[in-house]
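Working notes for the structure below.
The values are calculated or read from the model by the stated rules, or taken from the named source; none is laboratory data. Everything quoted here is computed from the prediction, not taken from an experiment. Glycine also receives a Cβ, built like all others from the backbone with ideal geometry; neighbour counts cover every protein chain displayed. In case anyone asks, the SASA skips ligands and DNA or RNA and just uses the protein heavy atoms, side chains included. Shrake-Rupley method; radii C 1.70, N 1.55, O 1.52, S 1.80 Å.
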Amino acid sequence: MWQRLRPYVMIAPAVCIFLLFFIYPIFYMMYLSFFDWNFVSPDKDFVGVSNFTTLAGDEEFRQVFRNSLIYMAAVVALTISLSLLLALWLNQKARIYGFVQGAVFSPHIISLVSVALLWMWLMDTDHGLLNWVLGLFGLPKVDWLTSPDMALWSLILVAVWKGLGFNALVFIAGLQSIPPDMYEAAALDESGPVRTFFKITLPMLSPTLFFLTVINMIGSFQVFESISIMTQGGPINSTNTLVYYIYEYGFRFFKIGYASAAGVILLVMLAILTIAYFKLMERKVHYR
Amino acid sequence: MKALRWFGKSANVVALMIVVAIFALPFFWMLSTSVKSLGETITFPPTILPETWMWENFGQAWNSGPFLQYIINSTIVAVGILILQFLTIVPAAYAFARYKFRGNAFFFGLTMVTLMIPTQLIFLPVYLQMSAFGILDTVWALILPFGSSAFGIFLLRQSFKQVPEELLEAARLDQASEWKIIWRIMLPMAKPVLITFALFSFITHWNDYFWPLVMTTTENARTLPLGIAKLREVEGGVAWNVLMAGNVMLVAPILVIFFFAQRHIIKAFVYTGVK
């Protein structure tokens, strides 16, 4: 009897935590998205899909959605391309490369709070180091965080700076798993470096490339700290994104149903990305 | 030809140093600002090293809030999570790796699904849940949701699977209990994985800002990142020198750990990526 029960007892603590704090909240959020509720009042009003139709028609939310997409696309494109270049360059044995890898990686383990505070200081319009450096080259000051056209790009810059090292190291791990005899064969065929890159390196790296693209996309949709600390969604809503929007509607305006509906939209985006990733990986494995 | 190669090599080294500067210079600037006077932070052109070293900025940052409380809370949360995770992931990983039972695949799948659910998605329903449990604004609200780790179970299960079955058979012939097998055979062999996971978990939760921010309302359970972030909300403009002094207090422990355990830490984080 005990022999049969034992495995269940052993997985029970972990599974209970997952059910209680991850799985159940997902369904509870979906349920709440059909209600109008301010958290304080004892009863929730069932409003059907009206939270969703309101969201769809709300210009502020549409901008938030747009901001999220721009942020995601820019962070992913910049991080992936720059970290791939960096990985190709830094994937060498000599000691100095290891040192540079360590330096580039270091922001990844630093709290986002520290990174956000640090860049807030660097990006200060009047006394920040960045504008001073621009001044050395005779360039005008940039309103990094205070101009609606620039602020989102400043946050993108910070995210790329923080994520570059991690992505480069994952790429390096991918590069090192490519069997060296493939390069030897290419060398025998007198294939040039560009041709070798596109015919061997890139195809062999494609699982890593897919993986990094998807986790960067998923990660970008969760951006919160830098917004909360550096811009609070402003100026004029230009840096407001999904998670920050849900946070504000939940904790500042106490519109729980409305915030939950925005949460369901975020859930759908994340689910699409995850499923697409697994489908792509499946196909990949199939062809091999 | 030789000269050209020498030039290429030096250009490469210069380029490498520029890359290092892009990542190290902001940290240097944080350190330098943290020991300047307020007046010196806004002088033009900026001074690289402070003219007068204002060590008292650190005292000022420390005295601006209950920082001892923050550090105690941060430690309780990060260490508490680690202990709880250890207690829940070891038996679960062993069961998933070594026992055939009905629902093994199902429960393992369920575990893996939680990897895809970020806390930034579910904080609102969990907040309401914590409120119903009456543990909002306590360290429990910061510890319990992370009391297990799907990622940890995944890593440990891989490692447990690699232990040859003959070894376990021999141990069972010697009347060793399952408990003893885990403690004496499985865990020692999984030591590198455990260290990797512990570093990853500790750093992640020590650094976390989002979860403590949404789950706490008073200083009771607030952690260090929240305390530091609050330094920017002073009246009459930010005192950058004091803010950066606070920031140094937050960054320094992690950078010191990184300096000594660089290999392990990079492995820990890149592992979580490569999975």
For residue B:87, the lone unmet condition from (1) within 27 Å of residue B:203 (Cβ to Cβ); (2) out of contact with any His (no Cβ under 7 Å at 6 or more places or on another chain); (3) modelled with pLDDT of 95 or more; (4) buried (at least 17 other Cβ atoms within 10 Å of the Cβ) is (4)
Expected output for segment A:89-114 (first residue facing another protein chain (nearest Cβ under 8 Å), partner basic (Lys, Arg), Cβ below 7 Å, 6+ apart or cross-chain) is A:107/A:162; A:108/A:162
Checked against (1) closer than 18 Å to residue A:83 by Cβ; (2) open to solvent by 10 Å² or more (accessible area, probe 1.4 Å); (3) in contact (Cβ under 8 Å) with a residue 60 or more places away in the chain, residue A:171 satisfies every condition except (2)
**Study point:** Residue match in segment A:249-258 (condition: among the charged types (D, E, K, R), more than 22 Å from residue A:122 (Cβ to Cβ) and either modelled with pLDDT under 95 or open to solvent by less than 10 Å² (accessible area, probe 1.4 Å) (or both))
**Key:** yes
Exception for residue B:219 within (1) touching a helix residue (DSSP H, G or I) at 6+ places or on another chain (Cβ under 7 Å); (2) modelled with pLDDT of 90 or more falls at (2)
Among (1) of a type outside the set (A, V, I, L, M, F, W, C); (2) under 27 Å from the mean Cα position of the chain (by Cα); (3) open to solvent by 50 Å² or more (accessible area, probe 1.4 Å); (4) within 7 Å of chain B (Cβ to nearest Cβ), residue A:28 falls short only on (3)
**Request:** Please indicate, with yes or no, whether at least one residue in segment B:60-71 is under 21 Å from residue B:199 (Cα atoms) and open to solvent by 20 Å² or more (accessible area, probe 1.4 Å).
**Result:** yes
Residue pairs within 8 Å by beta carbon, gap of at least six or interchain, first lying in segment B:172-185 and closer than 15 Å to residue B:90 by Cβ, second in a loop (DSSP other than H, G, I, E, B), listed first then second, are B:184/B:176; B:185/B:163
Going through (1) under 20 Å from residue A:155 (Cβ atoms); (2) open to solvent by less than 20 Å² (accessible area, probe 1.4 Å) one by one, residue A:100 fails only at (1)
Residue A:133: passes all of (1) closer than 30 Å to residue B:256 by Cβ; (2) in contact with an Asp or Glu (Cβ under 8 Å, 6 or more places away or on another chain); (3) free of Cβ contacts under 8 Å to residues at least 40 places away in the same chain but (2)
Pairing a residue in segment A:271-288 that is at pLDDT 85 or above with any residue that is not basic (Lys, Arg), where Cβ atoms lie under 7 Å and the two sit 6 or more apart in sequence or on different chains, gives A:273/A:214; A:273/A:217; A:273/A:218; A:274/B:116; A:277/A:210; A:277/A:214
- Is it the case that segment B:23-32 has a residue that's among the small types (Gly, Ala, Ser), part of a helix (DSSP H, G or I), open to solvent by less than 30 Å² (accessible area, probe 1.4 Å) and under 22 Å from residue A:135 (Cβ atoms)? yes
If you go through B:143, B:48, the only one that is within 11 Å of chain A (Cβ to nearest Cβ), within 30 Å of residue A:38 (Cβ to Cβ) and either modelled with pLDDT of 95 or more or more than 22 Å from the chain's Cα centre (by Cα) (or both) is B:143
Is it the case that segment B:157-174 has a residue that's more than 7 Å from every other protein chain (Cβ to nearest Cβ), small (Gly, Ala, Ser) and open to solvent by 30 Å² or more (accessible area, probe 1.4 Å)? yes
Checked segment A:173-220 for anything closer than 19 Å to residue A:91 by Cβ, outside any helix (DSSP H, G or I) and away from chain B (no Cβ under 14 Å); matches are A:178, A:179, A:191, A:192
Matching residues in segment B:239-270 (open to solvent by 40 Å² or more (accessible area, probe 1.4 Å), more than 7 Å from chain A (Cβ to nearest Cβ) and either over 20 Å from residue B:74 (Cα atoms) or over 16 Å from the mean Cα position of the chain (by Cα) (or both)) number 5
From the option list A:157, A:86, A:152, single residue qualifying as more than 10 Å from chain B (Cβ to nearest Cβ), assigned to a helix (DSSP H, G or I) and either within 22 Å of residue B:15 (Cα to Cα) or among the hydroxyl-bearing types (Ser, Thr, Tyr) (or both) is A:157
Within segment B:203-225, the count of residues that are open to solvent by less than 30 Å² (accessible area, probe 1.4 Å) and more than 8 Å from every other protein chain (Cβ to nearest Cβ) comes to 7
Of those in segment B:222-238 that are among the β-branched types (Val, Ile, Thr) and closer than 17 Å to residue B:212 by Cβ, the residue farthest from the chain's Cα centre (by Cα) is B:228
Quick check: anything in segment B:38-52 open to solvent by 50 Å² or more (accessible area, probe 1.4 Å), assigned to a helix (DSSP H, G or I), more than 30 Å from residue A:30 (Cα to Cα) and touching a residue at least 40 places away in the same chain (Cβ under 8 Å)? yes
In the set A:170, A:223, the lone residue that is within 12 Å of another protein chain (Cβ to nearest Cβ), part of a helix (DSSP H, G or I) and touching a helix residue (DSSP H, G or I) at 6+ places or on another chain (Cβ under 9 Å) is A:170
If we keep only residues of segment B:106-133 that are open to solvent by 50 Å² or more (accessible area, probe 1.4 Å) and more than 7 Å from every other protein chain (Cβ to nearest Cβ), then the residue modelled with the highest pLDDT is B:106
